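For reference, the structure discussed in these notes is given below.
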Amino acid sequence: MKETLQYTTISLPVMEHFYTLQGEGYHQGRAAYFIRLGGCDVGCVWCDVKDSWDAEKHPLFTIDDLLLNIEKTPAKLVVITGGEPLMHNLAALTTALHAKGLETNIETSGAHPLSGSWDWICLSPKKFKAPLPEIVPLANELKVVIFNQSDFSWAEKYAALAAPSCKLYLQPEWDKAASVTPLIIDYIKANPQWELSLQIHKYINVP
Ligand code: SF4
């Protein structure tokens with residue numbers, strides 16, 4: 001009981017948290033509880049969650065608070081995203097989630113040291129602040145956002161460093177989707193180790 005109190009009273013800045021469907025990548029279509037942590041120093045020019053960047057703008061939630069909210073839903077899978085979630089030490093959070101029998105997934109740029117215990121690591125490397133080399137072989141999924149033609153070679157650079165079992169996804173940047181999706185389709189046809197990831201939550205209008 002004492003240990004429970006120790007870890008569950010730790011606080012993290014939370015921009016938003018909600019139960020929805022995972023819209024992207026390998027777990028696309030699964031019901032998932034999303035926790036979007038505040039704080040990011042990666043600075044992607046096309047970032048669609050710029051409000052997340054300043055951690056101090058977001059309220060602190062204890063792990064207990066988060067567990068109470070998750071347990072109001074039938075969620076089995078929790079996705080920790082951001083912002084850049086690895087700006088925070090996530091060991092206590094993932095220990096608490098696992099203790100409740102929940103599956104833990106993270107979506108990270110890999111720009112900060114890995115903490116926490118993860119059932120699935122989705123690494124989305126960003127040119128604006130490259131991932132730490134030690135994280136790349138640990139990724140279960142590499143998801144590269146394609147904004148322009150040069151992003152394909154960026155994607156291949158990290159695919160070469162990933163584990164052989166790592167799933168490889170190319171995802172059009174939302175505002176550029178009309179122009180880059182045809183390029184991605186041609187690229188995947190020529191390089192079938194890659195698959196297409198679409199942000200289906202934006203098509204079906206869920207958060
Ligand atoms: S890493 Fe994510 S949250 Fe941070 S700037 Fe890039 S897209 Fe935005």
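If you go through the range 52-71 and keep only what is among the hydroxyl-bearing types (Ser, Thr, Tyr) and touching a Gly at 6+ places or on another chain (Cβ under 6 Å), you end up with just Ser52. From the residues in the range 89-101 that are surrounded by fewer than 18 Cβ atoms within 10 Å (Cβ to Cβ) and under 26 Å from Lys129 (Cα atoms), which one is nearest to the ligand (Cβ to nearest atom)? Per the stated criteria, the residue is Asn89. Checked against the criterion of being in a loop (DSSP other than H, G, I, E, B), under 17 Å from the mean Cα position of the chain (by Cα), on the phi > 0 side of the Ramachandran plot and not acidic (Asp, Glu), the candidates Gly101, Gly116 yield just one match: Gly116. Restricting Leu77, Leu123, Leu86 to those that are surrounded by fewer than 20 Cβ atoms within 10 Å (Cβ to Cβ), under 14 Å from the mean Cα position of the chain (by Cα) and under 21 Å from Lys167 (Cβ atoms) reduces the list to Leu77. Considered as a group, the residues in the range 48-71 that are in a helix (DSSP H, G or I) and more than 16 Å from the ligand (Cβ to nearest atom) include one that is surrounded by the most Cβ atoms within 10 Å (Cβ to Cβ), and that residue is Leu66. The condition of being within 13 Å of the ligand (Cβ to nearest atom), touching a residue at least 60 places away in the same chain (Cβ under 8 Å), under 23 Å from Ala190 (Cα atoms) and not basic (Lys, Arg) does not hold for Phe128.
One residue stands out in the range 72-85 among those that are over 8 Å from Tyr33 (Cα atoms) and touching a Lys or Arg at 6+ places or on another chain (Cβ under 7 Å): the one that is farthest from the ligand (Cβ to nearest atom), namely Thr81. The single condition among (1) among the small types (Gly, Ala, Ser); (2) within 16 Å of the ligand (Cβ to nearest atom); (3) in a strand (DSSP E or B) that Ala32 does not satisfy is (2). Is the range 171-187 home to any residue that is more than 21 Å from Arg30 (Cα to Cα), in contact (Cβ under 8 Å) with a residue 40 or more places away in the chain and not in a helix (DSSP H, G or I)? Scanning the range 171-187 turns up at least one residue that is more than 21 Å from Arg30 (Cα to Cα), in contact (Cβ under 8 Å) with a residue 40 or more places away in the chain and not in a helix (DSSP H, G or I). Whenever a residue of the range 73-102 is closer than 23 Å to Pro59 by Cα and free of Cβ contacts under 8 Å to residues at least 12 places away in the same chain, it has no partner that is among the polar types (S, T, N, Q) and crowded, with 23+ Cβ neighbours inside 10 Å lying with C-beta atoms less than 9 angstrom away and at least six residues away or across chains.
The residues of the range 136-146 that are surrounded by fewer than 21 Cβ atoms within 10 Å (Cβ to Cβ) and part of a loop (DSSP other than H, G, I, E, B) amount to a single one, Asn140.
When Pro131 is tested against the conditions (1) surrounded by fewer than 18 Cβ atoms within 10 Å (Cβ to Cβ); (2) under 17 Å from the mean Cα position of the chain (by Cα); (3) under 24 Å from Thr104 (Cα atoms), the lone failure is (1). Given the condition closer than 27 Å to Lys167 by Cα and among the aromatic types (Phe, Trp, Tyr), answer yes or no: does some residue in the range 58-72 qualify? Checked against the condition, which is being closer than 27 Å to Lys167 by Cα and among the aromatic types (Phe, Trp, Tyr), the range 58-72 yields no hits at all.
Values quoted throughout were computed directly from the atomic coordinates according to the rules given, and no laboratory measurement underlies them. The structure presented is a predicted model; accordingly, all values stated were derived computationally and were not measured. Here the Cβ is made from the backbone with ideal geometry for all residues, glycine too, and neighbour counts use every protein chain on show.
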